[in-house]
Amino acid sequence: MTQQSFATSFFTIGEFHALSGDEVTRTAHIDVPADCLQVAATLQSARQWLNEQHAGIDMECAAELPLRGYFSFQSEQSTQGFHVESAQLIAMDEGFVVRASLDNGVCVESDWLAIAL
């Protein structure tokens, strides 16, 4: 397996002046290294098993992984970009998302990633 790269939108977790508004275009560039793909497959399997065992409970399966990413915020006034400080890959029913802390202290969550396993 090889590294997989994604460009997707994202949202901030919480409200942050000049970063969270609808007028801000947010684009994430995320790299999932090849050695993380086996963990992703395990997360997906664990999520499926948990859903079978506890169908009435909505759960996430997550792992902190060395994902690389750059998250940019663009508005009419400015463009800012920040690197990932730490990241979790999260398996959900619809696929995967990345929840990350950026080097400016803001926490973000990506839109769905279609990781090929």
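The values are calculated or read from the model by the stated rules, or taken from the named source; none is laboratory data. Note that the structure is predicted; figures quoted are calculated from it, not measured. Positions of Cβ are generated from backbone atoms using ideal geometry, with glycine treated the same way; all protein chains shown enter the neighbour counts. Side chains included, ligands, DNA and RNA excluded: accessible areas come from the protein's heavy atoms. Shrake-Rupley method; radii C 1.70, N 1.55, O 1.52, S 1.80 Å.
Annotations
- Surrounding net charge for M59, when Lys and Arg each add one and Asp and Glu each subtract one, Cβ distance under 11 Å: -2
- With at most 12 neighbouring Cβ atoms within 10 Å, loop GluC sites (Glu not before Pro) (DSSP) excluded, longest segment of the chain: 24-75
- Normalised by 2.2 N^0.38 Å, where N is the number of residues, the alpha-carbon radius of gyration of region 62-117 equals 1.22.
- Degrees between helix 37-53 axis and first principal axis of the chain (Cα, 0 to 90, nearest 10): 60
- For region 37-87, the fraction of alpha-carbon pairs lying more than 18 Å apart is 55 percent, rounded to a whole number.
- Estimated vicinal HN-Hα couplings, Hz - region 77-91 in sequence order (Karplus 6.51, -1.76, 1.60; Gly, Pro = x): 7, 7, 10, 10, x, 9, 8, 6, 8, 8, 8, 10, 9, 10, 8
- Shown for the chain: the carbon plus sulfur share of the solvent-accessible area, taken with all protein chains present and a 1.4 angstrom probe, equals 49%.
- Global geometry of region 1-60, whether rounded, prolate or oblate, following the gyration tensor of its Cα atoms and the 1.5 cut on a/c: oblate
- Accessible area per residue, Å², the chain with all protein chains present, probe 1.4 Å: 57
- Whole-Hz ³J(HN,Hα) from phi, Karplus 6.51 cos²θ - 1.76 cosθ + 1.60, for region 96-109, glycine and proline x: 10, 10, 10, 10, 9, 9, 9, 6, 9, x, 7, 9, 9, 9
- What the phi angles of region 19-29 give under the Karplus curve with 6.51, -1.76 and 1.60, with θ = phi - 60°, is a coupling list of 10, 9, x, 5, 7, 9, 8, 10, 10, 10, 10 Hz, glycine and proline written as x.
- Neighbours of M92, meaning other residues whose beta-carbon lies under 15 angstrom from its beta-carbon, give a summed charge of -4 when Lys and Arg score +1 and Asp and Glu score -1.
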